[in-house]
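The values are calculated or read from the model by the stated rules, or taken from the named source; none is laboratory data. Remember, it's a predicted structure, so these values are computed and weren't measured experimentally. Cβ placement follows ideal geometry from the backbone for every residue including glycine, while neighbour counts extend to all protein chains displayed.
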Amino acid sequence: MKVGTENFSGSDVNMEKLYKVSVRLIQPWKTVLWLLDAALDFGTDLLARLLGSRLVRRHFHLLLSALVLFGPLLSFWVSRYNVFANSNHYVYRKFLRSTWGWTCVLTASFILLRSLAARHPPSLTLRHLSRVAVVGLLWQGGQRLLTLLEDAAGACYEPLSPQDAEGAAAAGQLPLLLHEDWTKASCLRAKLVWRGYDVSQDVLVLCLCCLLLVEELSVFHPHLGQVKPPHGSQGLPLRLVFLLCALLLALWVFLLLCLLAHFPKFPAQQLGGALGYLGWRGLYQGWYRFRSSWGCPGLPSDGLFTSADANKEPR
C-alpha cells in the first residue's frame, strides 16, 4: 500500500510540472495575441476616425478629381523602367482586372458583419446589401453600354506592307487598310490598330469603387460609438474586414495613380473618372437619400442613429 501511495503522489507531481511548463509556453503567445489585438483596435479606431471625419466625407471626391485631372503630369517625372510601368505586372493582373469583384466581396462582408453587430433586422440588412448590388448593376450595364458605343464610334485598321505603304504615301493616301464590322476587342486581339473615341473603364471602376468604399466605411466610427462592439474574438471579424477594406481603398488609389502616371490617355481617363463620379453622385448623393421611399436602399447610416441622435448624423 505504501508503494502504491508513493507512485500516485509521484504522478501528481509530474502532472503539476507538466501544467506549469504548459502555462509558461502559452503565456508568451497570450502576450503576443494581446499585443496584436491591441494594435488592431488602435489601428482600426484611427482609420475609422479618419474615414468618418467631415473633411474626408466632404472632400474626398475633390481629391480624387484632382488626381484624375493632374495625375498624367507625373508621367514627366516617373521612370519608364519602374516595375509598375509594365502593364503585365502581377498587381495589374491580379487586382485591376477584378476591381469590382474584390470591392463587392469585402464591402458586402463589412456591411453584413456591421449589421449583425448592430442587430439589425433581416429586412434592413438586405437593404444595406442592396446598395452594393445596385452599384454592381450600374457598373455592368455601363460597361456593356460603353463597349457598344466604342465599337460604333471606332474603326479597325491594318498597317500595309512597306512596299504598299510607300506607294500609298506617294499617292497621298493613308497607309492603312480598313476592316469593317470588327469590334474593338477582336481588333486588338488580332494586334491591329483601333482608332476611335475611348473611355477608360479601368479609371471609371477605380473611381467608383474608391467613392463606394469611403461612403460605406465612413459610418464605422459612429457605429463604434453607438453599438460598442465587444473586444476580443467577438469583435475581431468586423475589425479585420474593416481593415482589409481600408487597405483595399489605399490599393485602388495607388493603382489609379500608377495608371495615370505610367499610362496616360487623355481624355479617355478623364472621361472615365467623370462617369465614375457621376455614378456615385447619382446614387449616394441622389437616390439613396430618399430613404425608404421609391424602393431606395437608403444611406449607410440608416438604422444606426436613433431619433435623439439624428442631428449628429454625419453628412
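Could you grab the pairs with beta carbons closer than 9 Å, sequence gap of 6+ or different chains, first residue in the stretch 39-63 and among the basic types (Lys, Arg), second one exposed (fewer than 12 other Cβ atoms within 10 Å of the Cβ) and modelled with pLDDT under 90?
Arg54/Arg315; Arg57/Arg315; Arg58/Arg315
Can you name every residue in the stretch 270-315 that is in contact with a Leu (Cβ under 6 Å, 6 or more places away or on another chain) and modelled with pLDDT of 80 or more? Reasoning before the result, please.
As a first pass, look at the stretch 270-315 and keep what is in contact with a Leu (Cβ under 6 Å, 6 or more places away or on another chain): 272, 275-276, 279-280, 288, 303.
Gly272, Leu275, Gly276, Gly279, Trp280, Tyr288 - these are the residues of the stretch 270-315 that are in contact with a Leu (Cβ under 6 Å, 6 or more places away or on another chain) and modelled with pLDDT of 80 or more.
Answer with yes or no whether Ser130 is under 15 Å from Glu216 (Cβ atoms), touching a helix residue (DSSP H, G or I) at 6+ places or on another chain (Cβ under 8 Å), hydroxyl-bearing (Ser, Thr, Tyr) and surrounded by 13 or more Cβ atoms within 10 Å (Cβ to Cβ). Explain how you work it out, then say what you get.
Numbers: under 15 Å from Glu216 (Cβ atoms): yes; touching a helix residue (DSSP H, G or I) at 6+ places or on another chain (Cβ under 8 Å): no; hydroxyl-bearing (Ser, Thr, Tyr): yes; surrounded by 13 or more Cβ atoms within 10 Å (Cβ to Cβ): yes.
Here the answer is no, as Ser130 does not meet what is asked.
In the stretch 64-85, what residues are free of Cβ contacts under 8 Å to residues at least 60 places away in the same chain and either part of a helix (DSSP H, G or I) or surrounded by 14 or more Cβ atoms within 10 Å (Cβ to Cβ) (or both)?
Ala66, Phe70, Leu73, Phe76, Val83
Tell me, yes or no, whether the stretch 227-244 has at least one residue that is out of contact with any helix residue (DSSP H, G or I) (no Cβ under 9 Å at 6 or more places or on another chain) and outside any loop (DSSP other than H, G, I, E, B).
Looking for residues that are out of contact with any helix residue (DSSP H, G or I) (no Cβ under 9 Å at 6 or more places or on another chain) and outside any loop (DSSP other than H, G, I, E, B), one finds none in the stretch 227-244, hence no.
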